[in-house]
Structures are given as structure tokens and as C-alpha cells.
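Have a look at the structure below before the remarks.
The values are calculated or read from the model by the stated rules, or taken from the named source; none is laboratory data. What you see is a predicted model, and the numbers here were worked out from it, not measured in a lab. Ideal geometry is used to build each Cβ from the backbone, glycine not excepted, and the neighbour counts take in all protein chains shown. Keep in mind that these areas ignore ligands, DNA and RNA; they rest on the heavy atoms of the full protein, side chains included. Shrake-Rupley method; radii C 1.70, N 1.55, O 1.52, S 1.80 Å.
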Amino acid sequence: MLGKALPRIITETLPGPKAKEILKRRSQVMPNAIGCMYPAVIKRGEGAMFEDVDGNYFLDWIGGVGVLNIGYSQPEVVEAVKAQADCFFHGMQNIVTHEGYIAVCEKICSITPVRGEKKKAFLANSGAEANENAVKIAKGFTKRDNIIVFSGAFHGRTLLTMTMTANKAYATGMGPMANGVYRAQFPYLYRKPAGMPEEDAIDYYINSLKEVFTEGIAPQYVAAIVVEPLQGEGGFIPAPIEWIKAIRKICDDYGIMMVVDEVQSGFCRTGKMFASEHWKDAGVQPDILSTAKSIAAGVPLCAIVASAEIMDSVPAGTVGGTFGGNALACAAALKTIEIMERDHLAERSAEIGATVMARYNEWKEKYECIGDVRGLGGMIGLEFVKDKKSKEPIPAMVKAIVLEAAQNGLMVENAGTYGNVIRFLAPLVITDEQLEEGLTILEAAIQKCME
Ligand SMILES: Cc1ncc(COP(=O)(O)O)c(C=O)c1O
């Protein structure tokens, strides 16, 4: 059974002959801008594993970049989508109401840690759309035009979200950017100013936000501060709780909406259903939450959640879209969330995370090139540097490790402003044996690339 199998490479080279042929066709018809450095062409997937068109088995620690928290082709989700397909595929919610959409909103409202007694939600198709809509809701409610985002942020590739995204490699030649987007520094504590104690560093990063108010845009014109609870593309950096508390207070002081982007961190990834649940003891809840990726196990869907008061302040017609809340996606989401709760995937995420974190920390002690290990639950980053003292990023070595691991049947991906972080995003249904095997392959790849 593929779902319980271990990686195996049976072709003499990777990509194998059939994959090579398909990759050649890919390069003929697909833009180079949609890059891919992996030698794998998938035929089928199960759990944390997929088989490629040549019969090689890969252990997938990327999971569609956080889309497959419940694994590939979960059989009950497959059945739910098939049953929905037998009835109807699509019913646009402005025209004909379908119950699946409502059921997803009910569920999402009941599980998201958003402020407010009564919540409302609506659905669209992608992470970028979730963030676009979250910002629209914030603007509609506050009647203000501007937002603040952070260094290292990734919020998508539409015009607004590309503007919100920090790394402008995602926007090369795509200007002008959207108006009304200001940026403060995210507390990337590993790279805080040299010698600064952590307590002072939090103030330093808060001051960076306050400087936006004095030098960029006065707070009474700011609709939202948008934050990832644990930055994904930015390098798997958890937002420190003291900083989050300060952000919440600033939002309250100035009537700004605190928007959390839980596109990558949501749905059990960090050891809770949503990463912002980790803030509960500190008394912090966001005003608006956007989420996508693992919500429907790979069928495109996203959700935006806020209090009914905030949601209903937005003028009619300003949000919505043809495919948002597609019936097949809603059927997948309902079953996916049911399984996550029933099978305690948040707890499993914490368990897997503890194993990975312990091993990565051992490596950090052992290898000079591992500068930092950080994360929450099953969302963990491993930052590679030339040496611990200089902290100089070594993206070329990380790329080599990624390729070496893939040659041995383990898929991992880099991240980070400097491209020098390896992210752990394995499906949470990974077996203990597969986890162990993945760690072995990754460590061997690190050792080989250090030579
Ligand atoms: C935190 C975060 N927000 C937004 C997005 C954009 O999502 P999508 O690619 O579905 O538009 C991503 C994608 O990686 C993400 O990680």
C-alpha cells in the first residue's frame, strides 16, 4: 500500500524516462515563470507518499506547500466529492443557494478564533483571494484606504497581494504596485540587530511599526494590519507572543482591523486547528481571518471569517465571484475538517513537530551550517548559514540539499527571504516509520552537501 510505503527510486536516473518526456512537453507549453526544480511527475498519491509515472515512490514533505495536511486522496474525501459530483458540480451562491456552502461557513465560523459572538464567513478559491477579500472587508468596515504589512510577508500574487508580499522577486516587471500598502519590520529574531537582547528586540520591532504611523501613514487612515502568525515563505518564523499582544493593542487603540493570514498555518499545521489559537492565553484574537490551502484537501477553496458586524458593514456586490464556494470544494472541505477533528490531526501535528524539532536541534548542535531551528507544531524551519557566527545565508547549499533529497525520494522545499531555510510541511498522516526515513534521507543530504 503506497500510503504506508517508504521512498524507493527504481529508475536509473531521475527524472525517469516517462517523467522526462512529460517534463519536455511541459517546457514546450508552460511558461518558464511557473518554475519547478523537481524531477517528479506524479501518477497517484496516498497519505504522505506519491508514485511518479515511472514507478518511483516519493515521501512528500511539501504537501503542495501546506495543502495536504490530511494527505493525498484521503478515501473519505474522495467519496464525498464523488457523491457531490453525482448531484451537481456548481451552484453560484448569488443565483442558487447550495447547502454545502452554508455548512462550510457554519463549520468555519465555529472553529476559527476570530473575535465576536456571532461570526460570518464567505468562500473564494485561493489564498490570494482570501487575503484580497480580508482587506476589502477591513476597508469596508473602517472606511479607510490603507493597510500595513511586514517584511518577509507572503500574501499571494494578485496585484494587491503581490504588493503586500515582501519579496519583490515575485513582482519583477509587474509594477506599478497597488496604492495604500505600507510595510514595517517583522520580528525575525534570529536576525535581530547584533547584540540586542530579545526583550529590547520586541520594542525595536514595535517601533518599526510606529515609525510607519509617523513617516508613512497616520493610524486613523489605516484599515488593517495584516500578519501571518508564523511566516511561511518568509522563512518559517513564528510571531513572538509579546509582539502579537502589542499589535493587538495598537489595533484596538486606533480602530484598526487585525487581519491574520492563516493560509499556510491553518488546519492543524501548527498543533492547533489555527495558529492564532496559540494566542488564546494571551487574550489575543484577530478581527478577520483568511485561510485556504489545506481547507479542502487539495480542491481549490478559501474562507474569510469575521464578526457579523464587520462582515455586514461591507456594501452589496463588493465581494463574491463565480466559482467561490464551489459545491465539489465544499463537499471536500466538510469531510476534510470532520476528519481533522475526528482523527485529532492537530495533536498529531504537535507530536510530529516534537520529533522533528528534537532531531533538528541535535543537528544544530552537530553541524556548523545550521544556524536556527524554529516553528510551531508541524510547521518547522531549518535555517542554513555559512557559520554560526557570521550567519551568512547559503542558498546554494540549500538548493543542493533539496535536489539531493529528491534524488533519494524525499521532497522538501526551501523558503525564506534569502532562500536558505528548509521547511517541514509533511502531511500529518505520515507514519512514524516514514518520518524516521525522511529524517535519515535529509540528514544524509545535508552531510553530502557539506562535503
Ligand atoms: C501565508 C500565505 N498567504 C497567501 C498565500 C497565497 O495563496 P495562493 O497561492 O493560494 O494564492 C500563500 C501561499 O503560499 C501563503 O503561504
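Taking a 1.4 Å probe, which of T336, T355 shows the most accessible area, and what order do the others take after it?
Ranked from most to least accessible, the order is T355, T336.
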Region 33-74: relative contact order from alpha carbon pairs under 8 Å, six or more residues apart, as a whole percent, is 34
Out of V314, A296, I337, whose Cα points farthest toward the positive end of the dipole of the chain (charges: +1 Lys, Arg; -1 Asp, Glu; placed on Cβ)? V314
Determine the share of the chain's accessible area contributed by carbon and sulfur atoms, expressed in whole percent, with a 1.4 angstrom probe. 54
Roughly how much of Y367 is accessible, in Å² to the nearest 10, using a 1.4 Å probe? 20
The percentage of Cα-Cα pairs in region 231-336 separated by more than 24 Å is 32
Mean projection area, nm², convex hull over Cα of region 331-438: 7.7
For K136, go through the lysines and keep the ones whose alpha-carbon is under 16 Å away, minus same-chain ones fewer than eight residues off. K120
Pop out the Kirkwood hydrodynamic radius of region 77-342 from its pairwise C-alpha distances, inverse of mean 1/r, in Å to one decimal. 18.8
Please compute the length gained on full extension between T172 and E198, using 0.36 nm multiplied by the number of residues separating them and subtracting their Cα-Cα distance. 5.9 nm
Using protein chains only and a probe of 1.4 angstrom, how many square angstrom of R342 are accessible, to the nearest 10? 110
Which peptide among 73-86, 101-114, 52-65, 290-303 comes first, and what is the full order, when sorted by highest mean count of other Cβ atoms within 10 Å? 290-303, 52-65, 101-114, 73-86
Return the whole-Å distance between the Cα centroid of region 173-196 and the Cα centroid of region 136-161. 14
Report the accessible area of T431, computed with a 1.4 Å probe over the heavy atoms of all protein chains in place, in Å² rounded to the nearest 10. 30
Just want to confirm a number: the relative contact order over the chain, from Cα pairs under 8 angstrom separated by 6+ residues, in percent. 22
Using DSSP to call loops (not H, G, I, E or B), can you name the GluC sites (Glu not before Pro) in region 4-57 whose Cβ has at most 13 other Cβ atoms within 10 angstrom? E12
Solvent-accessible area per residue, Å², over region 343-435 with all protein chains present [probe radius 1.4 Å]: 38
Pairs K280/K391; K366/K389; K139/K168; K139/K280; K43/K335: which exceed 22 Å Cα-Cα? K280/K391; K139/K168; K139/K280; K43/K335
Whose amide H sits under 5 Å from the amide H of K119, counting only residues 5 or more places off or on another chain, with H placed in the peptide plane? A308
For K388, counting only aspartates and glutamates whose alpha-carbon sits under 14 Å away and dropping same-chain residues fewer than eight positions off, the answer is E365, E368, D372
Once R0 is set to 51 Å, what does the formula 1/(1 + (r/R0)^6) return for the Cβ-Cβ distance between E392 and M1, expressed as a FRET efficiency to the nearest 0.05? 0.70
Provide the per-residue ³J(HN,Hα) series for region 405-422, in order, calculated from phi with Karplus coefficients 6.51, -1.76, 1.60 and θ = phi - 60°, each as a whole number of Hz, with x at glycine and proline positions. 4, 4, 4, 9, x, 10, 9, 10, 10, 8, 7, x, 3, 9, x, 10, 10, 9
With N residues in the chain, Rg(alpha-carbon) / (2.2 N^0.38 Å) equals 0.96
When ligands, DNA and RNA are left out and all protein chains stay put, how many square angstrom of accessible area per residue does region 205-334 have with a 1.4 Å probe? 31
Taking region 119-192 as the region of interest, what is the percent of Cα-Cα pairs per 5 angstrom bin, listed from the shortest bin to the one with the maximum distance? 3, 15, 24, 23, 18, 11, 5, 1
Scalar couplings 3J(HN,Hα) for region 278-292 by Karplus 6.51 cos²θ - 1.76 cosθ + 1.60 (θ = phi - 60°), nearest whole Hz, x for Gly and Pro, are 5, 8, 4, 4, 7, x, 9, 10, x, 7, 9, 10, 10, 8, 7
